[in-house]
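A quick write-up on the structure given underneath.
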Amino acid sequence: MTEVFKGSFTQQEPIPDEGIAAALEVLRSGRLHRYNLVGDEPGEVALLEQEFAAYTGARYALAVASGGYAMGTALRAIGVVPGDRVLTNAFTLAPVPGAIASVGAVPVFVGVTEDLTIDLDDLAAKADQADVLMLSHMRGHICDMERLMAICDAAGITVIEDCAHTMGAAWNGRASGRWGKIGCYSTQTYKHMNSGEGGLFVTDDDEVAARAIMLSGSYMLYNRNGTVPPAEVFERVKYDTPNVSGRMDHLRAAILRPQLRALDAQCAKWNDRYRVVEDGLRGTPGLGVVERPAEETMVGSSIQFLLLDWTDTAVAEVLKRCLDRGVELKWFGGAEPSGFTSRYDSWRYAPSTPMPASDRILRGIIDMRLPLTFSLADCAQIARIIRAEVGTVFQAQA
Ligand SMILES: Cc1ncc(COP(=O)(O)O)c(C=O)c1O
């Protein structure tokens, strides 16, 4: 009998009851704007900022409207201006080059390795082309951060980390988002905490934090933020930092705070599911499992595997056969952007030079979400289906 998976790849868990109760409180109060506070009450947004700063060990955290907004704010806060070039990953999602383009800057793409991390040799070769790197820990894969920081420090490159897929992850015990000057996170529905839309920004730098707070739309109410740089820093920046509103509201913060308390436990559940799928796929002929380095504390909220050097037709056939059996896979190599997935050469506002070694890898990257609504048995079944369909197409090719 042919098994068919019946679950939904886009179905997240419900918001925890505690978050629903807190959200109802906010709704009843009518005070949703972050600076609509009574007396000395800190409000949900400032509390989330304090708690996220404590969780990451950063001096400052700022809650904002989206991960993309956090990245654009990061670029503005360090002084990126129109026409500047910004290094970034060729293997990432559209909001990353989009954040660079949003400040009028120009993305310079850096290649990807078979570990699905940024190609550090390519980064070293391009290090003289920009002063900033927007490093995307795409799909949770973290590169050798010591080596990356050594390359960037030597070249005077400021690193901003896109941690949309690495909230809760670390390299060599140091949290993702805490290597560069700024860490940017997303709390959009498919990320590790879910507020529909939302983002977080962390830094230790007084001036960057003050600028980011002003940029986010604090007016002159910045003292009511959760983590606040010294007053003299605001005096220095408040007249020349524009307001580019992108605040978070109390409703979103209220549902995120209980999720932050549960984050580490949730990450462990993702990893349990990841390992079941990984074990099930290991040894499938023609399929490459992406080995995770010992230095990485990963969060397996999605899994990738490689069909390296397969023809486009054969990859498309695997995707179709899996979908027919209820397993939704995404393909990063497709020539046409599709759903959430697109290739660097499809971002035509950002001209790129072809990178044949990276193109070969991108053509083979297959991606799958692992929502926590899947049981371990679901994950084992999904792996069996992929294994069977990859096997069938691989044999037919041989
Ligand atoms: C790699 C990556 N970076 C950044 C973002 C931006 O997050 P948001 O959707 O909150 O703007 C996303 C969102 O999908 C993403 O996948």
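Looking for something farther than 28 Å from Gln266 by Cα, at pLDDT 95 or above and of a type outside the set (A, V, I, L, M, F, W, C) - is there at least one such residue anywhere in region 164-186? Checking region 164-186: not a single residue is farther than 28 Å from Gln266 by Cα, at pLDDT 95 or above and of a type outside the set (A, V, I, L, M, F, W, C). Residues in region 321-350 that are open to solvent by 40 Å² or more (accessible area, probe 1.4 Å) and out of contact with any helix residue (DSSP H, G or I) (no Cβ under 9 Å at 6 or more places or on another chain) were compared, and the one that is nearest to Leu87 (Cα to Cα) is Arg348.
Out of Ala253, Ala294, Ala350, which single residue is touching a residue at least 12 places away in the same chain (Cβ under 8 Å) and not assigned by TED's automatic domain parsing to the domain that holds Tyr222? Only one candidate passes the filter, namely Ala350. Among what's in region 105-152 and is among the acidic types (Asp, Glu) and over 24 Å from Met167 (Cα atoms), pick the residue that is farthest from the ligand (Cβ to nearest atom). Looking at residues that are among the acidic types (Asp, Glu) and over 24 Å from Met167 (Cα atoms), I get Asp128.
For region 256-277, filtering for residues that are touching a residue at least 40 places away in the same chain (Cβ under 8 Å) and open to solvent by less than 60 Å² (accessible area, probe 1.4 Å) leaves 14.
Scanning region 242-254 for residues that are in a helix (DSSP H, G or I) and either open to solvent by less than 30 Å² (accessible area, probe 1.4 Å) or among the hydroxyl-bearing types (Ser, Thr, Tyr) (or both) turns up His250, Ala253, Ala254.
Determine whether region 198-209 contains at least one residue that is within 12 Å of the ligand (Cβ to nearest atom) and assigned to a loop (DSSP other than H, G, I, E, B). Among the residues of region 198-209, at least one is within 12 Å of the ligand (Cβ to nearest atom) and assigned to a loop (DSSP other than H, G, I, E, B), which makes the answer yes. Of all residues in region 69-92, none satisfies being within 23 Å of Pro337 (Cα to Cα) and surrounded by fewer than 24 Cβ atoms within 10 Å (Cβ to Cβ). Could you go through region 89-107 and let me know if any residue there is under 18 Å from Asp367 (Cα atoms), over 14 Å from the mean Cα position of the chain (by Cα) and modelled with pLDDT of 95 or more. Scanning region 89-107 turns up at least one residue that is under 18 Å from Asp367 (Cα atoms), over 14 Å from the mean Cα position of the chain (by Cα) and modelled with pLDDT of 95 or more. Of all residues in region 12-32, those satisfying the criterion of being assigned to a loop (DSSP other than H, G, I, E, B) and surrounded by 12 or more Cβ atoms within 10 Å (Cβ to Cβ) are Gln12, Glu13, Ile15, Pro16, Arg31, Leu32.
Just one of the numbered conditions (1) within 16 Å of Gln50 (Cα to Cα); (2) charged (D, E, K, R); (3) within 15 Å of the ligand (Cβ to nearest atom); (4) touching a Pro at 6+ places or on another chain (Cβ under 9 Å) is not true of Arg247: (4). Taking each residue of region 74-97 that is at negative phi and free of Cβ contacts under 8 Å to residues at least 24 places away in the same chain and looking for partners that are of a type outside the set (Ser, Thr, Tyr) and surrounded by fewer than 24 Cβ atoms within 10 Å (Cβ to Cβ) with beta-carbon atoms closer than 6 Å, six or more apart or interchain, yields Pro82/Gly104.
Filtered by the rule that a residue be open to solvent by less than 80 Å² (accessible area, probe 1.4 Å), farther than 19 Å from Ala70 by Cα and not in a loop (DSSP other than H, G, I, E, B), region 225-241 gives Ala231, Val233, Phe234.
Regarding region 78-96, can at least one residue be identified that is among the charged types (D, E, K, R), over 23 Å from Ile142 (Cβ atoms) and within 16 Å of the ligand (Cβ to nearest atom)? Scanning region 78-96 turns up no residue that is among the charged types (D, E, K, R), over 23 Å from Ile142 (Cβ atoms) and within 16 Å of the ligand (Cβ to nearest atom).
Within region 69-77, is even one residue at pLDDT 95 or above and away from the ligand (no atom under 16 Å from the Cβ)? Yes, the conditions are met somewhere in region 69-77. Answer yes or no: is there a residue in region 155-177 that is touching a residue at least 40 places away in the same chain (Cβ under 8 Å), more than 30 Å from Asp121 (Cα to Cα) and open to solvent by 30 Å² or more (accessible area, probe 1.4 Å). The answer is no; no qualifying residue exists. So is Lys191 closer than 27 Å to Gln259 by Cβ, of a type in the set (Lys, Arg) and assigned by TED's automatic domain parsing to the domain that holds Val96 or not? Yes: the conditions hold for Lys191. Would you check if there is a residue in region 44-53 being touching a residue at least 60 places away in the same chain (Cβ under 8 Å), within 16 Å of the ligand (Cβ to nearest atom) and in a loop (DSSP other than H, G, I, E, B)? No, region 44-53 contains no residue that is touching a residue at least 60 places away in the same chain (Cβ under 8 Å), within 16 Å of the ligand (Cβ to nearest atom) and in a loop (DSSP other than H, G, I, E, B). Exactly one residue among Tyr219, Tyr190 is within 12 Å of the ligand (Cβ to nearest atom), touching a residue at least 60 places away in the same chain (Cβ under 8 Å) and out of contact with any Leu (no Cβ under 9 Å at 6 or more places or on another chain), and that residue is Tyr190. Of the residues that make up region 42-63, is at least one open to solvent by 40 Å² or more (accessible area, probe 1.4 Å), under 23 Å from the mean Cα position of the chain (by Cα) and among the small types (Gly, Ala, Ser)? Yes, region 42-63 contains at least one residue that is open to solvent by 40 Å² or more (accessible area, probe 1.4 Å), under 23 Å from the mean Cα position of the chain (by Cα) and among the small types (Gly, Ala, Ser).
The values are calculated or read from the model by the stated rules, or taken from the named source; none is laboratory data. Because the structure is a prediction, the values reported are computed rather than measured. Heads up, the Cβs are rebuilt from the backbone with ideal geometry, glycines too, and the neighbour counts pull from every protein chain shown. Protein only, heavy atoms only, side chains kept; ligands, DNA and RNA dropped before computing areas. Shrake-Rupley method; radii C 1.70, N 1.55, O 1.52, S 1.80 Å.
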